[in-house]
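A short worksheet on the structure shown next.
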Amino acid sequence: MPALRQLGDVIPLPAAVRPDSAGNFRIPADVSVTATPAAEDIAEQLVELLRRVTGRPVSRADGGSFRVLLEGSDDNGPLTEAYGLEIDRESVTLRAASNQGLFLALQTLRQLLPEERTTGEIILPGGRIDDQPRFAYRGTMLDLARHFFAPAEIRSYIDSIVQFKINHLHLHLTDDQGWRLEIPGWPRLTEVSGGAGTGVDGAGPGFLTAWEYADLVEYAASRYVTIVPEIDMPGHVNAAQVAYPELTRDGNPVGPRTDAEVGYSSLVADKERTYEFVEDVIRELAAMTPGPYLHIGGDEAFSTPPEDYRVFMSRVLPMAGKYGKQPIGWHEMAAVDLPPNAIPQYWRIEPADDGVARAAADGHQVIMSPADRSYLDMKYDDQTPLGLDWAGLVGVERSYDWDPADRLPGVGEEALLGVEAPLWSETLRSIADVQFMAFPRLAAIAEIGWTPRERRNWPSFRARVGAFGPRWTAQGVTFHRSPEIDWAE
Ligand code: ACM
């Protein structure tokens, strides 16, 4: 029988853990779940979880030993994700003021239970967890443009990431190679640039229909994950220009590109057709996206002259607000005057950035994604068969042992909306490849985003992630068995 887990042996490490070994709870033969009426959905998820691990029927009844309690005001702003988990000899109680908090409590409880059906006695460690996140935004990005991943694969990835309390999934939907989201009124974007051979090295076809996108957004929302769609511009637009040559400077056709070069394509800042196109895309995307953010890219626009970049961004950034959304952009956009609600996302490896520091001083929130720490497409070590190494090798300790509030001068704790770990897919062809690059490093970034800074340390994370290995195996999730970790069998 597996050793009894300690109450704090979960990822991310909770904010406050008070173990009480006198309060260990033995799951009885007749398990039942009680819930406040508005917590019905989470209660059913708990029933499913308990059925799966015990292999026994689980009933719903008043006075059940598992209790799911929605109490207090749901309107507590940044604390909407807070929850409590109390385990004593008689009962296990999940408590929160929102269903999101209860969902997160359930993720914690899941890690304290066996992953698979267990016939022997199951004991939960006694004590109390009071938990809440350090940052509101804990994200990861998946690049669908270089290689497409199908809706079922993205859904399975969402299931994997919510276990670590990741709450935003940024989808990089367009790039030089492919355009992966159907946009009403511009059918050639996906007919041509979502077609066969549009992935790097000629892989593909693939794109999300508007219906598939809506379905994904809904699936994510039911797991408290906000989809952040990205349309990258004014650079990284070759696929759009292949589909609509009117978007090039001279209107002449350009050829498709399936190599991994960057920086050669640009929308044309002094052409009205550019803004008709961009506004159509932003309006349609805003209409399809219930979440608050639209990501407008803005990176590596090496063939957009700086003044054109400024003109373009000054017209395009406010369009997000016009359609009710808050714009996020890669931090190059911080070189221009930003609308008040724009959020720069820092992605480079330099130790300082004037534009981002100025934006923070002006009150902008920042998302931290330094490539040398948080890019999941960097190789772990020089043996890693997938990935790139332009930002260096990023082992598991390197991805864990840094702090976003120390990364850039002038960008401290108060300026941070949160952290995100992007995963670019030039070298990735399957969801197993995605999982291999993401895990265990995404668990590290998730803990950085969630756990109070002073509570976390590498030896503790290293032990907990080693213990998580068999869960990934049981879930059929590929992960990198990094030699930095002692993996449990
Ligand atoms: C980026 O990696 N070009 C944002």
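The values are calculated or read from the model by the stated rules, or taken from the named source; none is laboratory data. Fair warning: this is a prediction, and the values are worked out from it, not measured in the lab. Heads up, the Cβs are rebuilt from the backbone with ideal geometry, glycines too, and the neighbour counts pull from every protein chain shown.
Name the single residue, out of those in region 354-365 being of a type in the set (Gly, Ala, Ser) and within 18 Å of Ile296 (Cβ to Cβ), that is farthest from the ligand (Cβ to nearest atom). Quick ask: steps written out before the conclusion?
Going through region 354-365, the residues of a type in the set (Gly, Ala, Ser) turn out to be 355, 357, 359-361, 363.
Next, only the ones that are within 18 Å of Ile296 (Cβ to Cβ) stay: 355, 359.
Working: Gly355: 14, Ala359: 16 Å.
If we take residues in region 354-365 being of a type in the set (Gly, Ala, Ser) and within 18 Å of Ile296 (Cβ to Cβ), then Ala359 is farthest from the ligand (Cβ to nearest atom).
For region 102-203, which fully contained strands (runs of 3 or more DSSP E) count at least 3 residues that are touching a strand residue (DSSP E or B) at 6+ places or on another chain (Cβ under 6 Å) and either closer than 30 Å to Tyr275 by Cα or modelled with pLDDT under 95 (or both)?
Numbers: elements: 127-131, 137-143, 168-172.
Once the strands (runs of 3 or more DSSP E) in region 102-203 are filtered for at least 3 residues that are touching a strand residue (DSSP E or B) at 6+ places or on another chain (Cβ under 6 Å) and either closer than 30 Å to Tyr275 by Cα or modelled with pLDDT under 95 (or both), what remains is 137-143, 168-172.
I'd like to verify a number: residues in region 263-304 that are assigned to a loop (DSSP other than H, G, I, E, B), over 29 Å from the mean Cα position of the chain (by Cα) and either of a type outside the set (Asp, Glu) or within 23 Å of Met141 (Cβ to Cβ) (or both), how many?
Total satisfying the criteria: 5.
Restricting to region 1-49, give me the number of residues that are surrounded by fewer than 17 Cβ atoms within 10 Å (Cβ to Cβ), in contact with a Gly (Cβ under 7 Å, 6 or more places away or on another chain) and either within 25 Å of Ala444 (Cβ to Cβ) or at pLDDT 95 or above (or both).
Qualifying residue count, region 1-49: 4.
Name the single residue, out of those in region 50-82 being within 23 Å of Leu7 (Cβ to Cβ) and more than 29 Å from the chain's Cα centre (by Cα), that is modelled with the lowest pLDDT.
Gly64
Would you mind stating whether Leu423 is over 16 Å from Glu447 (Cβ atoms), surrounded by 15 or more Cβ atoms within 10 Å (Cβ to Cβ) and within 16 Å of the ligand (Cβ to nearest atom)?
Values: over 16 Å from Glu447 (Cβ atoms): yes; surrounded by 15 or more Cβ atoms within 10 Å (Cβ to Cβ): yes; within 16 Å of the ligand (Cβ to nearest atom): yes.
When the stated conditions are applied, Leu423 passes them.
Does region 113-127 contain at least one residue that is touching a helix residue (DSSP H, G or I) at 6+ places or on another chain (Cβ under 8 Å), among the β-branched types (Val, Ile, Thr) and either farther than 30 Å from Gly297 by Cα or crowded, with 23+ Cβ neighbours inside 10 Å (or both)?
Yes, that holds for at least one residue.
All but one of (1) touching an Asp or Glu at 6+ places or on another chain (Cβ under 9 Å); (2) of a type outside the set (Phe, Trp, Tyr); (3) assigned to a helix (DSSP H, G or I); (4) within 15 Å of Ala97 (Cα to Cα) hold for Leu85, so report the exception by its number.
Condition (3) is where Leu85 drops out.
Out of all the residues in region 266-317, which are more than 16 Å from Gln241 (Cβ to Cβ) and β-branched (Val, Ile, Thr)?
Correct list: Ile282, Thr289, Ile296, Val311, Val316.
Which count do you get for residues in region 376-411 that are within 16 Å of the ligand (Cβ to nearest atom), under 20 Å from Met141 (Cα atoms) and among the hydrophobic types (A, V, I, L, M, F, W, C)?
The number of residues fulfilling the criteria is 6.
Return the residue satisfying two criteria in turn: it lies in region 258-277 and is more than 16 Å from the ligand (Cβ to nearest atom) and surrounded by 15 or more Cβ atoms within 10 Å (Cβ to Cβ), and of such residues it is modelled with the lowest pLDDT. Steps first, please.
First, pick out the residues of region 258-277 that are more than 16 Å from the ligand (Cβ to nearest atom): 258, 267-277.
Of the ones still in play, those that are also surrounded by 15 or more Cβ atoms within 10 Å (Cβ to Cβ) are 258, 267-269, 271, 274-275, 277.
Details: Thr258: 94, Leu267: 98, Val268: 98, Ala269: 98, Lys271: 98, Thr274: 98, Tyr275: 98, Phe277: 98.
Of everything passing the filter in region 258-277, Thr258 is modelled with the lowest pLDDT.
Check whether at least one residue in region 429-447 is in a loop (DSSP other than H, G, I, E, B) and within 16 Å of the ligand (Cβ to nearest atom), and report yes or no.
The answer is no, given that none of the residues of region 429-447 is in a loop (DSSP other than H, G, I, E, B) and within 16 Å of the ligand (Cβ to nearest atom).
Please work out if Pro151 is closer than 19 Å to Val465 by Cβ and surrounded by fewer than 22 Cβ atoms within 10 Å (Cβ to Cβ). Steps first, please.
On the way: closer than 19 Å to Val465 by Cβ: no; surrounded by fewer than 22 Cβ atoms within 10 Å (Cβ to Cβ): yes.
For Pro151, the condition - closer than 19 Å to Val465 by Cβ and surrounded by fewer than 22 Cβ atoms within 10 Å (Cβ to Cβ) - is not met.
Restricting attention to region 232-252, report how many residues are within 16 Å of the ligand (Cβ to nearest atom) and outside any helix (DSSP H, G or I). I'd like the intermediate steps shown before the answer.
Initially, region 232-252 is screened for residues within 16 Å of the ligand (Cβ to nearest atom), giving 232-239.
Filter once more, so that each one left must be outside any helix (DSSP H, G or I): 232-237.
Qualifying residue count for the region: 6.
With (1) free of Cβ contacts under 8 Å to residues at least 40 places away in the same chain; (2) within 16 Å of the ligand (Cβ to nearest atom) as the list, and Asp175 as the residue in question, which single condition is left unmet?
(1)
Taking Arg373, is it within 16 Å of the ligand (Cβ to nearest atom), out of contact with any strand residue (DSSP E or B) (no Cβ under 8 Å at 6 or more places or on another chain) and modelled with pLDDT of 95 or more? Step through it out loud before you land on a result.
Values: within 16 Å of the ligand (Cβ to nearest atom): yes; out of contact with any strand residue (DSSP E or B) (no Cβ under 8 Å at 6 or more places or on another chain): yes; modelled with pLDDT of 95 or more: yes.
Here the answer is yes, as Arg373 does meet what is asked.
Could you grab the pairs with beta carbons closer than 9 Å, sequence gap of 6+ or different chains, first residue in region 278-293 and among the basic types (Lys, Arg), second one assigned to a helix (DSSP H, G or I)?
That search, which allows pairs on different chains as well, returns Arg283/Met319; Arg283/Lys322.
Assess whether Leu169 counts as being over 30 Å from Asp403 (Cα atoms) and either in contact with a Cys (Cβ under 8 Å, 6 or more places away or on another chain) or buried (at least 23 other Cβ atoms within 10 Å of the Cβ) (or both). Don't jump to the end; show me each part of the working.
On the way: over 30 Å from Asp403 (Cα atoms): no; either in contact with a Cys (Cβ under 8 Å, 6 or more places away or on another chain) or buried (at least 23 other Cβ atoms within 10 Å of the Cβ) (or both): yes.
Here the answer is no, as Leu169 does not meet what is asked.
If you scan region 316-353, which residues turn out to be surrounded by fewer than 20 Cβ atoms within 10 Å (Cβ to Cβ) and either within 16 Å of the ligand (Cβ to nearest atom) or under 19 Å from the mean Cα position of the chain (by Cα) (or both)?
Listed by number, the residues that qualify are Gln326, Ala335, Arg348, Ile349, Glu350.
Among the numbered criteria (1) under 24 Å from the mean Cα position of the chain (by Cα); (2) without any contact (Cβ under 8 Å) to a residue 24 or more places away in the chain; (3) closer than 18 Å to Arg180 by Cβ, which single criterion is violated by Ala196?
With (1) under 24 Å from the mean Cα position of the chain (by Cα); (2) without any contact (Cβ under 8 Å) to a residue 24 or more places away in the chain; (3) closer than 18 Å to Arg180 by Cβ applied to Ala196, the lone miss is (1).
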